[in-house]
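S.K.: Sending over a structure as C-alpha cells; questions will come in a sec.
The values are calculated or read from the model by the stated rules, or taken from the named source; none is laboratory data. Not measured: the values here are computed from a predicted model. Note that each Cβ is placed from the backbone with ideal geometry, even for glycine, and that neighbours are counted across all protein chains shown.
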Amino acid sequence: MKTNSQFRQWLEMARGVGKLNKYTIALSIFLVWMLFFDKHNMIVQWQLHRQAGDLKEQIREDQERLVAARNEMDILLNQEERYAREKYKMHKPDEEVFVITHK
C-alpha cells in the first residue's frame, strides 16, 4: 500500500498549498474523465468535427459537378449536332474537319 500512502501525502501537500480542496479535486477528476475516458470525449468530438468538414467539402464539390453535368445535358439536348461535332469531332461523310487549337 505504498502507492496509497504516497497519494495521501500528495493530497496533504496539495491541500497545504491551499489550492486543492474536495471540490477542485472532484472537478479535476470530472474534467479528466470527460476529456479522455467518456464515450463522447474530446478526441472523438474533434475527429467527428473534422469528418463533418470533409463531408461538407465533398458535398460542395459534388454539387458543382452536378451543376456542370446539368449544363452539359442542357447543351446536349438543345444542340445535339453541335455538341457531337465539337466534343467528339464527328462529321458527315462529305465534310472535312479542321481542328484549330489555341496555345
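Okay, residues lined up against (1) closer than 30 Å to residue 33 by Cα; (2) modelled with pLDDT under 95:
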| position | (1), (2) |
| --- | --- |
| 48 | yes, yes |
| 53 | yes, no |
| 67 | no, no |
| 73 | no, yes |
| 77 | no, yes |
| 80 | no, yes |
| 87 | no, yes |
| 96 | no, yes |
| 102 | no, yes |
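S.K.: Right, next: How many residues does segment 16-69 hold that are of a type in the set (Phe, Trp, Tyr) and surrounded by 10 or more Cβ atoms within 10 Å (Cβ to Cβ)?
M.R.: Matching residues across segment 16-69 total 4.
S.K.: Still on this structure: Scan segment 25-53 and report the pairs whose first residue is within 30 Å of residue 12 (Cβ to Cβ) and whose second residue is part of a helix (DSSP H, G or I), with Cβ atoms within less than 6 Å and a gap of 6+ or a chain change.
M.R.: 35/42
S.K.: Say whether the condition of being over 37 Å from the mean Cα position of the chain (by Cα) and among the basic types (Lys, Arg) is met by at least one residue in segment 45-57.
M.R.: No, that holds for no residue.
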